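**Student:** So that we are looking at the same thing, I have put the structure below in structure tokens.
The values are calculated or read from the model by the stated rules, or taken from the named source; none is laboratory data. Quantities reported herein were computed from a predicted structural model and do not represent experimental measurements. Cβ placement follows ideal geometry from the backbone for every residue including glycine, while neighbour counts extend to all protein chains displayed. SASA here: full protein model, heavy atoms, side chains in, ligands and nucleic acids out. Shrake-Rupley method; radii C 1.70, N 1.55, O 1.52, S 1.80 Å.
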Amino acid sequence: MSSLPITNEARMLQLSPTADDPGLVAPFAGSDEVPPQTQPTGRRTFATLAPLDLEPRALGREAMALVLDAIERAEDPLDRASVTTALLATEGRESPLGSYSIDEVGVADPTGG
């Protein structure tokens with residue numbers, strides 16, 4: 001939680017394999033707003049794979065693979081915002097962990113969205 005405002009101000013993507021605190025992605029349950037206390041720029045730069053509920057090493061490997069895939073899919077792979085946009089547009093990703101999507105607030109959805 002303490003690093004997220006810093007990485008958000010720098011417009012750096014932060015993808016956590018296991019962070020499951022809902023306050024990191026939304027200011028209140030069910031909201032799709034960007035939480036100002038953790039993402040003060042108002043742009044979403046954080047996502048989590050925690051809902052996939054698998055062992056942390058597998059989630060860590062998948063997080064790295066997901067970021068690399070987002071870099072490849074980004075309109076401009078050298079632009080942080082473009083990579084973040086690509087990651088948050090992940091739909092129907094097939095992986096060794098099964099199929100999932102990243103929803104509009106940056107949370108992995110094992111039902112595929």
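**Student:** Taking just the alpha-carbon atoms of region 33-85, what radius of gyration and Dmax come out, in angstrom?
**Tutor:** 12.9, 32
**Student:** Just the number please: accessible area per residue for the chain, 1.4 Å probe, all protein chains included, in Å².
**Tutor:** Accessible area per residue: 55 Å².
**Student:** Here's another thing I want to ask about it. In region 63-107, what GluC sites (Glu not before Pro) fall in a loop by DSSP, with at most 14 other Cβ atoms inside 10 Å?
**Tutor:** E75, E91, E104
**Student:** Continuing with this model, one more query. Taking amide H atoms as placed 1.01 Å from N in the peptide plane, list the residues 5 or more away in sequence, or in a different chain, whose amide H sits under 5 Å from that of D109.
**Tutor:** Correct list: S101, I102, D103.
**Student:** Now for a separate question. If you add up the charges near E104, with Lys and Arg at +1 and Asp and Glu at -1, over every other residue whose beta carbon is less than 12 angstrom from its beta carbon, what do you get?
**Tutor:** -4
**Student:** For the chain, give the percent of accessible area contributed by carbon and sulfur heavy atoms, probe 1.4 Å, rounded to a whole number.
**Tutor:** After summing per-atom areas, the C and S share lands at 54 percent.
**Student:** Give me, ordered by chain and number, the residues 5 or more places off A19 or on other chains with an amide H under 5 Å from its own placed amide H.
**Tutor:** The answer is L49, A50.
**Student:** Three principal axis extents, largest first, for the C-alpha atoms of the chain, in Å?
**Tutor:** For the chain, the Cα spread along each principal axis is 34, 32, 24 Å.
**Student:** Using θ = phi - 60° and the Karplus curve 6.51 cos²θ - 1.76 cosθ + 1.60, what whole-Hz ³J(HN,Hα) does each residue of region 63-78 get, with Gly and Pro shown as x?
**Tutor:** Per residue, the Karplus-derived 3J(HN,Hα) values read 4, 5, 4, 5, 5, 4, 5, 5, 4, 5, 7, 4, 4, 10, x, 9 Hz.
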